[in-house]
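Below: one structure, written as structure tokens.
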Amino acid sequence: MSRIQPMEPEDAPQGSRKYIEKGKQQTDGQVINFFKQMSVSPASFKAYMDFSATLQGGALDRQTQESIAVAISDYDGCVY
């Protein structure tokens, strides 16, 4: 059980809604649970999105980044 209860986009604080929209661009239009949980705190959500954008300019190509994400999700027992 997660400690932070996810919020549906329409219930999220106004400051989080633009980050939800940016997140949807990364996930083929879906609002994943992680973004629903991050939306509870607009400041934390902004920090995460800024950090994520910075990593996109790194040395790893998109396929390698996705492979790492899938491997970590599998290790953590994530079902999606």
Q. Can you spot a residue in the range 59-70 that is touching a helix residue (DSSP H, G or I) at 6+ places or on another chain (Cβ under 8 Å), of a type outside the set (Asp, Glu) and loosely packed, with under 12 Cβ neighbours inside 10 Å?
A. no
Q: Would you be able to tell me the number of residues in the range 50-69 that are more than 14 Å from the chain's Cα centre (by Cα), assigned to a helix (DSSP H, G or I) and of a type in the set (A, V, I, L, M, F, W, C)?
A: 1
Q) Would you say Ser73 is more than 11 Å from the chain's Cα centre (by Cα) and not in a loop (DSSP other than H, G, I, E, B)? A) yes
(Q) Quick check on my filter: what residues within the range 23-40 are surrounded by 14 or more Cβ atoms within 10 Å (Cβ to Cβ) and farther than 16 Å from Ala69 by Cα? (A) Lys24, Val31, Lys36, Gln37, Met38, Ser39, Val40
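Values quoted throughout were computed directly from the atomic coordinates according to the rules given, and no laboratory measurement underlies them. Fair warning: this is a prediction, and the values are worked out from it, not measured in the lab. Cβ coordinates were reconstructed from backbone atoms using ideal geometry, including for glycine residues, and neighbour counts include every protein chain displayed.
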